[in-house]
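Bear in mind that the values in this text are calculations on the coordinates, not laboratory data. If you're wondering where the values come from, they're calculated on a predicted model, not measured in any experiment. So basically every Cβ, Gly included, is an ideal-geometry build from the backbone, and we count neighbours across all protein chains shown.
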Amino acid sequence: MEARISIITLGVRDMERSYRFYHDSLGFPAVNKPEDGIVFFQTAGTRLAIYPLDSLAEDVSPGIDSERAGFPGMTLAHNTHTKDEVEIVLELAKDAGGLIVKSAQDADWGGYHGYFTDPDGYYWEVAWAAFWEFNEDGSLVV
């Protein structure tokens, strides 16, 4: 198996709302529309997809309860090229209906970061560090 993540799929409660959040407000280029049943967003490297929550749960295991409680045990990360971009991205998310759960602040690992949740409660870390390098395609060098 190649060490790669191809798609991160989020089970969402409202396809239109999530589409507007990611495409219209945060500016993620979309390959298709909510009425297609699944939406793929083009990002550098890994692709992000939204899919109806109940359908995703059914796809994972027929009869599974799609209602999650509390922290879903997953975060997504957006790494920025500048420190100022952290606050800009957090503000974009807030203006789009996201919830800021951790304001931009210095991180104990030496960077600067904050967290927001999207309309379905998925946690996103927005982070910057002076020591990070990026590939030409925008992906993080690790």
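With charges only on Cβ, +1 for K and R and -1 for D and E, what is the dipole size of the stretch 75-142 about its Cα centre, in debye, rounded to 20? Roughly 180 debye for the stretch 75-142. Adding -39500 (n - 2.57) for every DSSP H run of four residues or longer, then dividing by how many residues the chain holds, sets the calculated 222 nm ellipticity at -5000 deg cm²/dmol. Residues MET15, MET74, ranked from the fewest to the most other C-beta atoms within 10 Å, line up as MET74, MET15. Per-residue 3J(HN,Hα) values for the stretch 112-129, derived from phi via the Karplus relation 6.51 cos²θ - 1.76 cosθ + 1.60 with θ = phi - 60°, read 9, 7, x, 10, 9, 10, 7, x, 9, x, 6, 8, 10, 9, 10, 9, 9, 8 Hz in sequence order (x marks Gly and Pro). When both bridge partners sit in the stretch 1-60, DSSP labels roughly 40% of those beta bridges antiparallel. A cut-off of 5 Å between modelled amide H atoms, ignoring neighbours fewer than 5 places along the same chain, links LEU76 with TYR123, TRP124, GLU125. Database remark: amide H of ALA49 closer than 5 angstrom to the amide H of ILE8, THR9, LEU10, PHE41 (H placed geometrically; neighbours at sequence offset of 5 or more, or on other chains; Pro and chain starts carry no H). Shown is the FRET efficiency for GLN105 and ASP24, computed with R0 = 25 Å from the Cβ-Cβ distance and rounded to the nearest 0.05: 0.35.
Nearest-5 percent of antiparallel DSSP beta bridges in the chain?
The antiparallel proportion sits near 60 percent.
The charge dipole of the stretch 1-65, taken about the Cα centre with unit charges on the Cβ atoms of Lys, Arg (+1) and Asp, Glu (-1), comes to about 300 debye, rounded to the nearest 20.
Taking amide hydrogens as placed 1.01 Å from N in the peptide plane, the amide H of ARG13 sits under 5 Å from those of LEU53, each at least 5 positions away in sequence or on another chain. With a Förster radius of 25 Å applied to the beta-carbon distance between ASN135 and GLN42, the computed FRET efficiency rounds to 0.95. Computed from phi, the 3J(HN,Hα) profile of the stretch 74-91 under the Karplus parametrisation 6.51, -1.76, 1.60 (θ = phi - 60°) reads 8, 10, 10, 10, 10, 9, 9, 7, 10, 4, 4, 5, 4, 5, 5, 5, 4, 5 Hz, with x in place of Gly and Pro.
For the chain, the relative contact order is 21 percent, taking Cα pairs closer than 8 Å that sit 6 or more residues apart in sequence and dividing their mean separation by the residue count. A viscosity of 1.002 mPa s and a temperature of 20 °C, combined with the Kirkwood radius over C-alpha pairs in the Stokes-Einstein formula, give the stretch 1-60 a diffusion coefficient of 181 µm²/s.
Extension gain for the segment ASP14 to GLU67, taken as residue separation times 0.36 nm less the Cα-Cα distance, is 17.7 nm to one decimal. Each Lys and Arg adds +1 at its Cβ and each Asp and Glu adds -1 at its Cβ; summed about the Cα centre, the chain shows a dipole of about 40 debye.
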